[in-house]
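Only one structure is covered here, and it is reproduced in the block below.
Quick note: the coordinates plus some simple rules give every number you see, no bench work behind them. Because the structure is a prediction, the values reported are computed rather than measured. Note that we place each Cβ from the backbone using ideal geometry, even for glycine, and neighbour counts take in every protein chain shown.
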Amino acid sequence: MKEYFKRNTPIFYIGIATAIVFISIIIAGQSTPNQQPSLTPIEEKDLFTQKDPVIGFKDARVTVVEFLDYSCPYCKTINPVLKNLVAGNKNKLRLIVRNFPLKDNPGHENSYSAALATEAAVKFNKFEDMHNALLDAEKLDRDSILAIVERLGINKDEFIKEWDSAENKSKVDQDLTDAANLQIKGTPAIFLNGKLIDLQNKDLNTEVLAEINRIYPQN
């Protein structure tokens with residue numbers, strides 16, 4: 001038996017080395033980042049539709065498209081930055097909001113219902129108010145959202161009909177489908193004039209202002 005191992009030791013170690021290399025290749029393939037910013041802008045028709053709610057000047061030449069989850073802590077953190085950018089650049093910037101509720105993730109169980117609530121608010125011309133209120137809210141359960149509805153002066157019974165409508169669910173489901181087609185994996189995913197911003201390495205405020213200055217050069 002000892003003589004057998006002596007004769008086959010080189011083959012044994014070669015086999016181990018081959019296995020290690022093979023496993024390393026598999027692991028490396030699985031470690032590819034979920035979102036790689038593309039140098040080629042994505043066409044508007046693939047990013048949003050005329051049905052998507054707009055905050056800011058609807059005909060602005062600088063467009064930010066945000067796929068978000070109302071339960072996402074970073075979406076909540078980044079919202080004041082977006083609000084200030086829109087407020088400080090009237091007639092130059094529009095924010096288009098799309099839904100990507102990660103409802104199967106722990107702590108995000110109410111995210112789909114919250115997305116439905118914002119879409120329902122569109123029918124009452126209260127989208128922006130609802131959008132900001134939900135991002136500011138600590139709780140997104142049904143009772144908490146209905147409390148916001150009342151605070152915004154929306155008729156609760158009429159709102160509930162819109163909230164639970166098949167049309168409303170179809171809109172949010174379409175957002176999810178489009179996000180999947182764009183290979184979005186997490187939130188927020190923010191596109192600036194068609195290009196995905198690398199939020200881990202880029203400052204959102206700086207990137208948007210630079211694009212505004214490029215499109216609307218100072219005289």
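Straightening the chain between residue 202 and residue 139 buys 19.7 nm, computed as 0.36 nm per residue apart minus the Cα-Cα spacing. Taking 0.36 nm per residue of sequence separation and removing the Cα-Cα distance, the residue 42/residue 167 pair yields an extension gain of 42.3 nm.
So if I place +1 on the C-beta of Lys and Arg and -1 on the C-beta of Asp and Glu, and nothing else carries charge, what would the dipole magnitude of the range 103-219 be about its Cα centre? I want it in debye, nearest 20.
Numbers: 14 positive and 22 negative charges, 49 e Å.
Result for the range 103-219 is approximately 240 debye, rounded to the nearest 20.
In plain terms, if you count all Cα to Cα distances in the range 44-215 and split them into 10 Å steps from zero, the share in each step is 10, 40, 37, 12, 1 percent. A simple spin-label model places pseudo-atoms 7 Å from Cα toward Cβ; at residue 150 and residue 90 they are separated by 3.4 nm. When only Cα pairs below 8 angstrom with a gap of at least 6 residues are kept, the range 44-215 shows a relative contact order of 31 percent.
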